[in-house]
Amino acid sequence: MSPGFVAHSLSMSDLARIHQALVEDYRESFVIAAGRLMALPSWTLEATVVLMHTQTGEVTIGPVRSLPLWLDHLSPELDAFVRLQVQGVPFQDAFAHCMEEQGEEFTEACEAAKRTKPLVTYDNLAELTSISQKGFTREPRELLALAQWPDHVIGFLVSCEDFH
């Protein structure tokens with residue numbers, strides 16, 4: 001049940017090549033998005049982000065605040081379970097802990113997750129928002145880019161300088 005916001009075991013150079021290839025494939029979208037981001041005087045939840053749908057070749061450009069609408073995500077009730085799993089707590093112990101804390105809400109969230117196969121957690125959405133904020137404050141300004149595959153999502157920053 002763990003979502004697919006992943007840190008792959010690829011080398012940094014492999015990741016850099018993947019990111020660069022994605023940016024080249026979706027260059028026109030990055031030109032538009034970088035222009036929008038550069039026009040903003042300060043970071044807000046309206047900051048522009050690019051979501052590349054790798055399976056269809058489509059692109060979504062819009063505000064960071066829309067990430068929960070664009071990415072299938074776990075309900076907040078499951079974030080505690082995922083955090084425990086990441087910390088190395090055995091599945092059964094994490095499950096028992098969350099059942100004790102949340103009861104029926106946790107069970108319902110588990111059933112919903114089995115049906116929808118979410119790719120990220122609420123914690124991931126908050127992390128992506130933070131990454132967008134950090135990129136905005138850098139010089140040159142950087143744009144949050146997301147690539148969505150059927151089973152995972154990756155996020156990275158792209159310099160707006162290359163497109164402005």
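The values are calculated or read from the model by the stated rules, or taken from the named source; none is laboratory data. Just so you know, these numbers come straight off a predicted model, no measurement behind them. All Cβ positions, even for glycine, are placed from backbone atoms using ideal geometry, and neighbour counts span all protein chains on display. Side chains are part of the model used for accessible areas, which takes the heavy atoms of the whole protein and leaves out ligands, DNA and RNA. Shrake-Rupley method; radii C 1.70, N 1.55, O 1.52, S 1.80 Å.
Things to note:
- Filtering the range 28-37 to residues that are open to solvent by 70 Å² or more (accessible area, probe 1.4 Å) and touching a residue at least 24 places away in the same chain (Cβ under 8 Å) leaves ILE32, ARG36.
- Selected residue (only one of VAL49, VAL64, VAL59 is in contact with a His (Cβ under 9 Å, 6 or more places away or on another chain) and modelled with pLDDT of 95 or more): VAL59
- Only residues that are of a type in the set (Ser, Thr, Tyr) and touching a Lys or Arg at 6+ places or on another chain (Cβ under 8 Å) were counted across the range 35-91, and they come to 1.
- Counted residues, the range 48-69 - those being touching a residue at least 40 places away in the same chain (Cβ under 8 Å) and closer than 30 Å to THR107 by Cβ: 2
- Number of the exception - GLN55 against (1) under 27 Å from ALA33 (Cα atoms); (2) polar (S, T, N, Q); (3) open to solvent by less than 60 Å² (accessible area, probe 1.4 Å): (3)
- Candidate set: the range 111-152, residues that are in contact (Cβ under 8 Å) with a residue 60 or more places away in the chain, under 19 Å from MET38 (Cα atoms) and outside any helix (DSSP H, G or I); chosen: the one most open to solvent (accessible area, probe 1.4 Å): ARG141
- In the range 101-110, residue farthest from GLU77 (Cα to Cα) [restricted to those that are outside any loop (DSSP other than H, G, I, E, B) and open to solvent by less than 40 Å² (accessible area, probe 1.4 Å)]: CYS110
- Selection status of PHE156, farther than 14 Å from HIS19 by Cβ, touching a helix residue (DSSP H, G or I) at 6+ places or on another chain (Cβ under 9 Å) and surrounded by fewer than 20 Cβ atoms within 10 Å (Cβ to Cβ): no
- Of all the numbered requirements in (1) in contact with a Phe, Trp or Tyr (Cβ under 9 Å, 6 or more places away or on another chain); (2) at pLDDT below 90, THR137 misses one, and that requirement is (2).
- Any hit, the range 86-100, residues being among the charged types (D, E, K, R), at pLDDT below 90, open to solvent by 50 Å² or more (accessible area, probe 1.4 Å) and in a helix (DSSP H, G or I): no
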